[in-house]
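Before any comments, here is the structure.
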Amino acid sequence: MAFARVIVAAYERYGQDPAEALKLAQITPAKLHQADARITAHQMEVLSGAAMQELDDEGVGAFSRKLPWGSYGMLARASLTAPDLRVALKRWCRHHALLVDDIRLSLVENNAGAAIAIEEHTDMRARGPGVREFSLVHVLRNIHGLACWYVDSRIGLQGATFPFSAPAHAEAFRHMFPGGPLKFDAARASIQFDARYLALPLRRDEKALRQMLQRALPLTVLQYRRDRLLVQQVRQALAAHPEQAHSADGLAELLHMSSRTLHRQLKEEGASLQQLKDEVRCERAKDLLYRSNKPVKQVAAATGFMNEKSFLRAFKAWTGTSPAEFRNRLASSDEPG
């Protein structure tokens with residue numbers, strides 16, 4: 001509800017009445033001023049959408065100049081022709097700076113991954129209680145939601161940082177920025193994610209953009225479901241942490257999601273956990289057979305099988321041949337002709 005109070009305060013600064021917007025969002029005056037009250041994602045969508053249009057300011061009073069209604073749609077359109085997400089985000093950050101002087105967004109890449117970071121050029125706290133927090137959260141959720149939409153994929157976050165102390169409603173941040181750890185009192189606001197998403201091609205066109213802009217706000221308040229890198233991430237986790245990833249619960253914990261969500265998203269991607277486990281175990285077995293002289297029994301144990309017999313049966317199903325035949329075939333192909 002703290003965010004709703006910031007929006008109401010913006011109405012007051014503009015000399016306008018928020019009553020109709022609050023009514024549309026079904027937020028009563030009593031609820032608005034209740035310290036520990038919560039609002040749903042839908043209520044946030046309705047309230048902020050009404051405020052942006054009535055105030056003609058998509059920044060909702062946070063910046064030193066208005067962002068007229070349609071500004072973020074213009075930014076989205078300017079990045080739509082980018083070949084991949086990396087170029088799209090760089091364009092978005094560059095064009096955002098043409099509209100807003102108070103902050104600068106940048107795409108940062110390093111060995112740890114990628115991040116969208118915000119550099120503040122003015123003190124937004126001077127505009128009222130909660131304005132700075134609301135603005136930074138709103139901008140990060142906006143660009144994250146749009147990035148997900150561009151590539152039609154849930155971009156899982158590896159962490160988020162905020163340059164203010166943890167608010168009383170800090171637990172809500174875990175719903176807005178799920179995944180990795182949250183850090184308050186940081187040097188700047190940022191979200192971190194796997195850099196591999198940056199290479200994904202954009203999957204949207206002008207028609208899709210027009211449809212999205214009719215209801216763009218859900219992108220900023222709801223989490224995207226499909227994750228086009230999930231299959232790769234599951235394979236990586238299975239290979240790097242075979243013991244912890246042995247069960248669906250352990251694997252889901254590694255990926256910062258529930259096992260139910262893991263199974264559902266894999267199904268949406270046309271994959272299954274068992275299929276991916278088999279693929280990783282098969283590649284591991286092939287590698288051991290090729291690069292080592294381990295007996296087949298040891299290869300079976302190293303790939304997670306309880307006994308050699310079940311490994312032989314599985315390997316034959318995977319490759320159409322036995323481990324011994326596979327090894328012999330590789331050995332003969334390596335001999336000089």
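Key figures for this structure:
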read-out: Kyte-Doolittle at least 1.0, axis length at least 18 Å by Cα - qualifying DSSP helices, the chain; value: none
read-out: For the stretch 1-62: span of alpha carbons on each principal axis (Å, largest first); value: 28, 20, 19
read-out: Enclosed volume per residue, in Å³, of the convex hull spanned by Cα atoms of the stretch 227-337; value: 117 Å³
read-out: Within a Gaussian network of the chain (alpha carbon springs, distance under 10 Å), most fluctuating of 163, 201, 181; value: 181
read-out: Two-site label geometry, residue 324 and residue 56: point separation in nm, points 7 Å out along Cα→Cβ; value: 8.4 nm
read-out: Spatially near lysine pairs across the chain, Cα under 22 Å, sequence gap of 8 or more or different chains; value: 15
read-out: Signed unit charges on C-beta, dipole axis of the chain, positive-most listed residue 105, 326, 3; value: 326
read-out: The stretch 273-337 - convex hull of the alpha-carbon atoms, volume per residue in Å³; value: 80 Å³
read-out: Rotationally averaged projected area of the chain (alpha carbon convex hull; nm²); value: 21.3 nm²
read-out: Among 318, 69, 92: highest mean-square fluctuation, GNM of the chain, C-alpha pairs under 10 Å; value: 318
read-out: Under 15 Å, Cβ to Cβ, from residue 21 - net charge with Lys/Arg +1 and Asp/Glu -1; value: -4
read-out: Backbone N under 17 Å from the residue 275 label point (7 Å along Cα→Cβ), restricted to the stretch 149-170; value: none
read-out: Candidates 26, 244, 275, ranked by Gaussian network fluctuation over the chain, Cα under 10 Å, top entry; value: 275
read-out: Span from the the stretch 260-333 Cα centroid across to the the stretch 26-70 one, whole angstrom; value: 54 Å
read-out: Counting DSSP beta bridges with both ends in the chain, the antiparallel % (nearest 5); value: 85 percent
read-out: Sequence ranges 2-12, 81-91, ranked by mean other-Cβ count within 10 angstrom, highest first; value: 2-12, 81-91
read-out: Relative contact order for the chain, counting Cα pairs under 8 Å that sit 6 or more residues apart, in percent; value: 12 percent
read-out: Rounded to the nearest 20 debye, dipole of the chain from Cβ charges on Lys, Arg, Asp, Glu; value: 820 debye
read-out: Shape metrics for the stretch 27-108, restricted to C-alpha atoms - Rg then Dmax, Å; value: 16.0, 49
read-out: Pairs of Cα atoms farther than 16 Å apart, the stretch 229-271, %; value: 25 percent
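A short reminder: the numbers here are calculations on the coordinates, not readings from a lab. Just so you know, these numbers come straight off a predicted model, no measurement behind them. With ideal geometry, Cβ positions are generated from the backbone for all residues, glycine too; neighbour counts draw on all protein chains shown.
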